[in-house]
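Only one structure is covered here, and it is reproduced in the block below.
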Amino acid sequence: MSTSAAATAASKPPAWQDQVYDLLRKNNVTQFAYVPDAGHRTLIDRSLADPGVHSVALTTEEEGVALLAGADLGGARGVLLMQSSGVGNCINMLSLTSGGRFPFLALISMRGDFGEGNPWQYPMGKATQPVLEAMDVTCLRSETPEEALAAVNAAVTMVFQAGRAVAVLFTQKLLGAKKF
Amino acid sequence: MATRTSGAEAASATAPKFVLDRRKAVPALIGRHEDFLIVTGLAGTSKDIAALTNDGAHTYTMAGAMGGACMIGLGLALARRDKRVLVLTGDGELLMNLGSLATIAILNPPNLSIVCVDNGHYGETGYQRSHTSLGVDLEKIAAGSGIKRTLTIETQDEITAGTRLIREGNAASFVLLRVSTVEPPGFKRDLDPANCRARFRAALGRAQ
């Protein structure tokens, strides 16, 4: 790398995903649960590289709902990272969150909305927000990096101070649609 | 060739034995229950633990969200490395989320033990047979998932080894406790999941 390129890289502000990670860590989130997903790559990779957190790869998203309840029983804070298709896998397990009044924070990378080229993604993409709301999870949509950071910041307060269940939806306008 | 056994005899010698009485075997296996934070599945195992602990504040017993017990235990075990966490769940509840065994094996918290009380049936819904009385072996699934310390208990004299396994060692453990279809103990526990959360956290010294 030339000196000028290195200087440019060093002065570049961190990507919004890095700011989200730093925000979560500043708020003592120590359990990061996920099914691997391109939209959450930065958060997943940072959790894997961070000796201060548990980075928990799941086989299905509903495992993460139960994991976060267990974390709360032990006084720890967690976040569930998933794609919109994974929301469908969580529905009955959210009975635990709702009935137990467990704090619940999910960050959801949307599929099947803005510019989606894969027809299989549309049913769950369209259903994501209605089914979350049906299970008493508040949804905050974000379409720009500024909105995303503000939404995660708001969600952290709602979840860990007020004890609510909140999902922040990162739309495809924000993330960009996958090419097919 | 020496003695030959028929195929039927060989099969019956290795067939799973569902003979232990859970009302005696579960308390004998656990020992001093106050040594653990305990998470249970639905129905049978929640009653086993509610009766054993008098619905204690160090227990979180479920009555819904089937398939979640092991992962609640994992989140709790990761959060409280200073405590031993015991998940007591049934064969039906565990069958609903076998992937959680794989997730637990990868994290491998040394303070987490899973005991599956396997009666081979869905007791709560009328004792329909479950997969485990039709050939599925959950200890082999746990071992194949990567859990390194596993054990099957079918007879009284095997219980002591299980008691040691869930209390000692430097890796997550799994015990398959095969029992008969005798009814679990009757016990009227608190069914409100939010009350149970609050009392559990309060007992651990956490605010609401």
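Since every read-out is calculated from the coordinates, none of them should be taken as a lab result. Remember, predicted model here, so these are calculated numbers, not experimental data. Glycine also receives a Cβ, built like all others from the backbone with ideal geometry; neighbour counts cover every protein chain displayed.
Per-residue mean of foreign Cβ neighbours for A:92-104 is 5 (Cβ atoms of other chains, 10 Å radius).
Taking every residue in A:52-58 and counting other chain Cβ atoms within 10 Å of its Cβ, the average works out to 4.
Only Lys, Arg, Asp and Glu carry charge here, each on its Cβ (+1 for the first two, -1 for the last two); on that basis chain B has a dipole of about 540 debye about its Cα centre.
Straight Cα distances below 25 angstrom link residue A:173 to the lysines A:12, A:126, with same-chain residues fewer than 8 positions distant left out.
Taking 21 Å as the straight-line reach from the Cα of residue B:188, the lysines in range (excluding those fewer than 8 positions away in the same chain) are B:24, B:47. Kirkwood radius and radius of gyration were both taken over the C-alpha atoms of region B:74-208, and their ratio Rg/Rh is 0.98. Fraction of C-alpha pairs exceeding 16 angstrom in region A:114-180: 54 percent, rounded to a whole number. Look at the Cα gyration tensor of region A:82-145: its axes a ≥ b ≥ c give a/c of at least 1.5 with a/b over b/c, and that counts as prolate. For residue B:140, the lysines whose Cα comes closer than 21 Å to its Cα, not counting residues fewer than 8 places off in the same chain, are B:17, B:148.
Say R0 is 51 Å: what FRET efficiency, to the nearest 0.05, do residue B:183 and residue A:133 get from their beta-carbon distance? Could the numbers behind the result be given before it?
On the way: r = 40 Å, r/R0 = 0.79.
The pair residue B:183/residue A:133 has a calculated efficiency of 0.80.
The mean number of partner chain beta-carbon atoms within 10 angstrom of a residue's beta-carbon across peptide A:112-118 is 0. Computed over every Cα-Cα pair of region B:138-208 and binned at 10 Å starting from 0, the pair-distance distribution P(r) comes out as 16, 27, 29, 26, 1 percent. Positive end of the dipole of region B:1-156 (Cβ unit charges, origin at the Cα centre): among B:138, B:126, B:112, the Cα lying farthest that way belongs to B:112. Computed from label points 7 Å out along Cα-Cβ, the spacing between residue B:108 and residue B:203 is 3.1 nm. Each semi-axis of the equivalent ellipsoid for the protein assembly as shown is √(5λ) with λ an eigenvalue of the Cα gyration tensor; in descending order they amount to 41, 23, 20 Å.
Legend: translational diffusion of region A:16-175 by Stokes-Einstein, Rh = Kirkwood radius over C-alpha pairs, 20 °C, 1.002 mPa s; D = 140 µm²/s.
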